[in-house]
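Peer 1: To start, I am sharing the structure in question, which I have written as structure tokens.
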Amino acid sequence: MTAVQATRVMGANDRIQVGIIGLGGRGQAHLGMYGSIADCAIVSVCDVDQAARERAVASVVKTSQRQPKEYVDMRDMFADRSVDAVSVAAPNHWHALSTIWACQAGKDVYVEKPACHNVYEGQKMVEAARKYKRIVQVGSQGRSMPYKIKAMQLLRDGFIGKVYLAKGLCYKRRLSIGHTPDEPVPLGVDWDKFLGPAPMRPFTRNRFKYNWHWFWDTGNGDIGNQGIHEMDIARWGLGKETLPRSVVSTGGKYVYTDDQETPNTQTAVFDYGDSQIVFEVRGLLTGAEGGITAGGGGSAIGNLFYGADGWMAMDGRGFQVYKGEKNEMVLEEKQNATEARGHIENFFKAVRSRRLEDLTAEVEPAVISASLVHLANASYRTGRKLAVDAAAMRFTGDAEANALLTRQYRAPYLVPSKV
């Protein structure tokens, strides 16, 4: 079935019929947001956990009086010709394959951040979107927030002069996940489908639900969880549309002794020649920086931009600009970050127009931002500075590091070389 055959022809007044994949914490948010949009109908839900599916079905019925179809295997949802678009809130290691399969079946895709679990996957996502002429939006919601768009335009217009440094802060307080033993797979959970492309592992509570973020098989650490939002904004503000010429990342998992594999403290530096991105992850107690704070709990999440004539601080509350030798505030914009509904509405606009240009977070630039995360993690895991061939999206002369830009896929969950 080709993409053209699979997709209904929608008129301007037709509801876009959506299937939601992954019904955990973020998936629950998707149910609420899509359910609040008048020209959208949630017609199907998919999750490997029966309990999650049952909760989702009850939620959709309550808000819309509509009984959605229920799927364990997303491929069955993709075969349903009544589904126009899918919204993917599955774990990171499923983002690429679900997007590729959906594109092949003629579905438009909204997929949560980070766009991909590794660099290779991101390239294949872009290829699939182009080959099947699909609209693919990534959940970098900041790209649709008016105050962040305004801030980026100010940087483009030279308001603080040439920007030489963009800094991303992911100081998000994380408690220890402790230890959880291997145990039988809970009733109603399809563990094989949860792991999908990842290696088969014994079931543990820490590898399931939210804590999958902290294992290399399924997540990318906090630099690829919360941090990808700030990484994307940093690259956007610096005005770089390619990978850097080198990366170095150091850190570790400090203080805690638990099951987590990814670092809770990490610094990455990306060298672009005429400018750089510096990114910091701190999951332990820390202070604010540049006036940026996300409230209590020792968290500080946002971006700092430094230019020849001044600097800008931006977080979820707005942004401030300081200029001159006296460091005087010359502009302040207060606007709380809102939920992702506007970002989804932007996705729907492009679904109707079929114009990639209408998307604020189209898959190709989103893959570049996600690739910065993967470059940093490769440097961290190899323990050395790495030279980057930006055009090839690979490291120069380092086989060990390049091996971390893809993975050994577990059949039949293979990301194909030809999409």
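Peer 1: Take the residues in segment 218-265 that are touching a Phe, Trp or Tyr at 6+ places or on another chain (Cβ under 6 Å) and in a strand (DSSP E or B), then tell me which one is farthest from Tyr306 (Cα to Cα).
Peer 2: That would be Thr265.
Peer 1: Let me ask you something else. Looking at (1) assigned to a loop (DSSP other than H, G, I, E, B); (2) closer than 30 Å to Phe215 by Cβ; (3) charged (D, E, K, R), find the lone condition where Glu280 falls short.
Peer 2: Looking at each condition in turn, Glu280 falls short on (1).
Peer 1: Moving on to the next point. Please list, ordered by first then second residue, the pairs with beta carbon atoms under 6 Å, 6 or more apart or interchain, first in segment 261-277 and closer than 13 Å to Gly227 by Cα, second part of a strand (DSSP E or B) and of a type in the set (Lys, Arg).
Peer 2: Matching pairs, first to second residue: Thr265/Arg282.
Peer 1: Does Pro181 satisfy the condition of being within 22 Å of Gln50 (Cα to Cα) and free of Cβ contacts under 8 Å to residues at least 60 places away in the same chain? Quick ask: steps written out before the conclusion?
Peer 2: Working: within 22 Å of Gln50 (Cα to Cα): no; free of Cβ contacts under 8 Å to residues at least 60 places away in the same chain: yes.
It is false that Pro181 is within 22 Å of Gln50 (Cα to Cα) and free of Cβ contacts under 8 Å to residues at least 60 places away in the same chain.
Peer 1: Scan Met125, Met152 and give me the residue that is closer than 23 Å to Lys349 by Cα and touching a Phe, Trp or Tyr at 6+ places or on another chain (Cβ under 6 Å).
Peer 2: Met152
Peer 1: Looking only at segment 44-51, decide whether some residue is surrounded by 16 or more Cβ atoms within 10 Å (Cβ to Cβ), under 22 Å from Ala96 (Cα atoms), hydrophobic (A, V, I, L, M, F, W, C) and touching a Pro at 6+ places or on another chain (Cβ under 7 Å). Working first, answer last.
Peer 2: Quick first cut of segment 44-51, residues surrounded by 16 or more Cβ atoms within 10 Å (Cβ to Cβ) only: 44-49.
Pick out the ones that are also under 22 Å from Ala96 (Cα atoms) and you get 44-49.
Remaining after also requiring hydrophobic (A, V, I, L, M, F, W, C): 45-46, 48.
Next, only the ones that are touching a Pro at 6+ places or on another chain (Cβ under 7 Å) stay: 45.
Yes, the conditions are met somewhere in segment 44-51.
Peer 1: Right, something else. Here are some conditions: (1) on the phi < 0 side of the Ramachandran plot; (2) within 22 Å of the chain's Cα centre (by Cα); (3) crowded, with 22+ Cβ neighbours inside 10 Å. Met77 meets all but one. Which one does it not meet?
Peer 2: (2)
Peer 1: Of everything in segment 99-126, what is over 14 Å from Ser371 (Cα atoms) and under 14 Å from the mean Cα position of the chain (by Cα)? Give them in sequence order.
Peer 2: We begin by selecting, within segment 99-126, every residue over 14 Å from Ser371 (Cα atoms); these are 99-112.
Matches in segment 99-126: Thr99, Val109, Tyr110, Val111, Glu112.
Peer 1: Run down Arg354, Arg407 and say which single residue is closer than 24 Å to Arg130 by Cβ and loosely packed, with under 14 Cβ neighbours inside 10 Å. Let's see the steps before the verdict.
Peer 2: Details: Arg407 fails: loosely packed, with under 14 Cβ neighbours inside 10 Å.
The unique qualifying residue is Arg354.
Peer 1: Follow-up question, since we're still on this one. Can you name the helices (runs of 4 or more DSSP H) wholly within segment 325-410 that have at least 2 residues being in contact with a helix residue (DSSP H, G or I) (Cβ under 7 Å, 6 or more places away or on another chain), among the hydroxyl-bearing types (Ser, Thr, Tyr) and under 30 Å from Thr250 (Cβ atoms)?
Peer 2: 363-382
Peer 1: Checking the conditions here, which among Thr267, Thr262 is crowded, with 21+ Cβ neighbours inside 10 Å and either at positive phi or of a type in the set (S, T, N, Q) (or both)? Full working, then the answer.
Peer 2: Numbers: Thr267 fails: crowded, with 21+ Cβ neighbours inside 10 Å.
Criteria check complete, one pass: Thr262.
For every residue, the table says whether it meets (1) exposed (fewer than 14 other Cβ atoms within 10 Å of the Cβ); (2) at pLDDT 95 or above; (3) outside any helix (DSSP H, G or I).
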position	(1), (2), (3)
Val126	no, yes, no
Arg130	no, yes, no
Leu154	no, yes, no
Gly161	no, yes, yes
Leu175	yes, yes, yes
Gly178	yes, yes, yes
Glu183	yes, yes, yes
Pro186	yes, yes, yes
Pro197	no, yes, yes
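Peer 1: Starting from segment 78-102, keep only residues that are free of Cβ contacts under 8 Å to residues at least 60 places away in the same chain and under 21 Å from Arg354 (Cα atoms), then list their pairs with residues that are among the charged types (D, E, K, R) and buried (at least 24 other Cβ atoms within 10 Å of the Cβ) whose Cβ atoms are within a distance under 7 Å, requiring at least 6 positions of separation or different chains.
Peer 2: The qualifying pairs are Phe78/Lys107.
Peer 1: Return yes when Asp309 is in contact (Cβ under 8 Å) with a residue 24 or more places away in the chain and over 23 Å from Met231 (Cβ atoms) and no when it is not. Even if it seems obvious, please write down each step before you answer.
Peer 2: Values: in contact (Cβ under 8 Å) with a residue 24 or more places away in the chain: yes; over 23 Å from Met231 (Cβ atoms): yes.
It is true that Asp309 is in contact (Cβ under 8 Å) with a residue 24 or more places away in the chain and over 23 Å from Met231 (Cβ atoms).
Peer 1: Right, next: Could you check, for segment 345-353, whether at least one of its residues is touching a residue at least 12 places away in the same chain (Cβ under 8 Å), of a type in the set (Val, Ile, Thr) and farther than 14 Å from Thr242 by Cβ?
Peer 2: Initially, segment 345-353 is screened for residues touching a residue at least 12 places away in the same chain (Cβ under 8 Å), giving 345-348, 350-352.
Checking the rest, the ones that are also of a type in the set (Val, Ile, Thr) come to 351.
Within this subset, residues satisfying the condition of being farther than 14 Å from Thr242 by Cβ are 351.
For segment 345-353, residues touching a residue at least 12 places away in the same chain (Cβ under 8 Å), of a type in the set (Val, Ile, Thr) and farther than 14 Å from Thr242 by Cβ: present.
The values are calculated or read from the model by the stated rules, or taken from the named source; none is laboratory data. The structure presented is a predicted model; accordingly, all values stated were derived computationally and were not measured. Ideal geometry is used to build each Cβ from the backbone, glycine not excepted, and the neighbour counts take in all protein chains shown.
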